[in-house]
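S.K.: Handing you this structure, nothing more for now.
The values are calculated or read from the model by the stated rules, or taken from the named source; none is laboratory data. Treat the numbers as computed from the prediction; the structure is a model and nothing was measured. Virtual Cβ from ideal backbone geometry, glycine too; neighbours counted across all protein chains shown. Side chains are part of the model used for accessible areas, which takes the heavy atoms of the whole protein and leaves out ligands, DNA and RNA. Shrake-Rupley method; radii C 1.70, N 1.55, O 1.52, S 1.80 Å.
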Amino acid sequence: MIELEGVPELIDPVMVAAFEGWNDAGDAASTAVAHLDREWKGEVFAALDAEDYYDFQVNRPTVWLDNGVRKITWPTTRLSVVRVGGDKPRDLVLVRGIEPSMRWRSFCNELLGFAHELGVEMVVVLGALLGDTPHTRPVPVSGVTSDPDLARTMDLEETRYEGPTGIVGILQEACTHAGVPAVSLWAAVPHYVSQPPNPKATLALLNRLEDLIGLRIPLGELPEDARAWQVGVDQLAAEDSEVAEYVQTLEEARDTAELPEASGEAIAREFERYLRRREPGSAPPPGGHATESGDATYLRDTSSGRTRPPKPGPGQPGGPAPSEGPGRPGGPAPSEGPGRPATGRPPAGGTGDRATDADGGPAGAPDDEPDSDGPDSGPADGDGTEGPHAQD
């Protein structure tokens, strides 16, 4: 059993996870979880043992000085808890770390041990991938699940992806085998501007998460950062006629594919979000607060003496049992699904469903195409629900 000393009973907890690396184009997903942790002042209550899951020649520790004393920070995955205030308070368990280098099944089992002990009702894993989407349009965000009932009740896509997968896909499948409802939210990042940060994609993920779990998320300066990011990319594209022409091609393809959705469900969804943000008394207290009970504290490093969990219910997802979104992330570590090099100028891809722009507007998600530098795999299926990309 996992011993969580000092952690009080949680209220309707949802686990939200993101991992740097293959599944994190533009650092959009990991930045989204970091934003939640910062806005609601989460405090770490557990950290996985770095020795168990990381290759330190791939993810090196860092040395820093604390009042002249040298200290080392090891790459790992940490968990924190925050309570979202309001009329109906609820708790979020935030998982933020780096995609592990080894022992993925044990890694997922350990996270599920925490989820079971904390009474987590649903796991939401955030990811970001590279796609044929123009930076001038709303960021496509796809919600996918392996659970047919969850897909039906929460208006999600049931994943049909086949091909290489990352820790996002493995964790989702582990949750499914353990009987824990799990959803992956994927933001598509323009492949021609994949360098982090990408505040527009981060904002899109947070807006979609807000819709999914029914919470108002304080956005802080993200909307302004997203607009500034788009203006900066506009200026760079204007200096290169070839890039400008390519962006125009993507815009035309996207606009044509979006016309049916732009007049229906997506507009209603955005209007509901607008009303939620205007409801008096619906805003959380400034900055939010970490869940506390009396003098209880969450600060606890499990790498120094916690009891390891029995490996609870998740099946042993061996080999690729993918579930993530289409496309592939940029950066140095591969991400879900087949894709293309960040510097390529591929033909405009198709579009799929729902998205959110810098101001929260709807749009559709792009399908993926095979990658010349990634794993030798076929593109995502016709549902456009997933696909990796070479990234590290």
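Here's the yes/no breakdown for (1) more than 20 Å from G6 (Cβ to Cβ); (2) outside any loop (DSSP other than H, G, I, E, B); (3) basic (K, R):
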{"residue": "N59", "(1), (2), (3)": "yes, no, no"}
{"residue": "L79", "(1), (2), (3)": "no, yes, no"}
{"residue": "L94", "(1), (2), (3)": "no, yes, no"}
{"residue": "F107", "(1), (2), (3)": "yes, yes, no"}
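S.K.: Considering only residues of segment 185-206 that are among the polar types (S, T, N, Q) and modelled with pLDDT of 95 or more, which is nearest to the chain's Cα centre (by Cα)? Give the steps one after another, and end with the answer.
M.R.: So in segment 185-206, the residues among the polar types (S, T, N, Q) come out as 194-195, 198, 202.
Those still in the list that are modelled with pLDDT of 95 or more too: 198, 202.
On the way: N198: 13, T202: 8 Å.
Among those residues, the one meeting the criterion is T202.
S.K.: Conditions first: (1) out of contact with any Phe, Trp or Tyr (no Cβ under 7 Å at 6 or more places or on another chain); (2) crowded, with 24+ Cβ neighbours inside 10 Å. F45 passes all but one, so which condition is the exception?
M.R.: Exception for F45: condition (1).
S.K.: Also, I was wondering about something else. Condition (residue is at pLDDT 95 or above, open to solvent by 10 Å² or more (accessible area, probe 1.4 Å), within 23 Å of I217 (Cα to Cα) and not in a helix (DSSP H, G or I)) applied to segment 24-42: is it met by at least one residue?
M.R.: No, that holds for no residue.
S.K.: Could you list, in sequence order, all residues of segment 74-112 that are of a type in the set (S, T, Y) and buried (at least 24 other Cβ atoms within 10 Å of the Cβ)?
M.R.: Restricting attention to segment 74-112, the residues satisfying the condition of being of a type in the set (S, T, Y) are 76-77, 80, 101, 106.
Passing the criteria: T77, S80.
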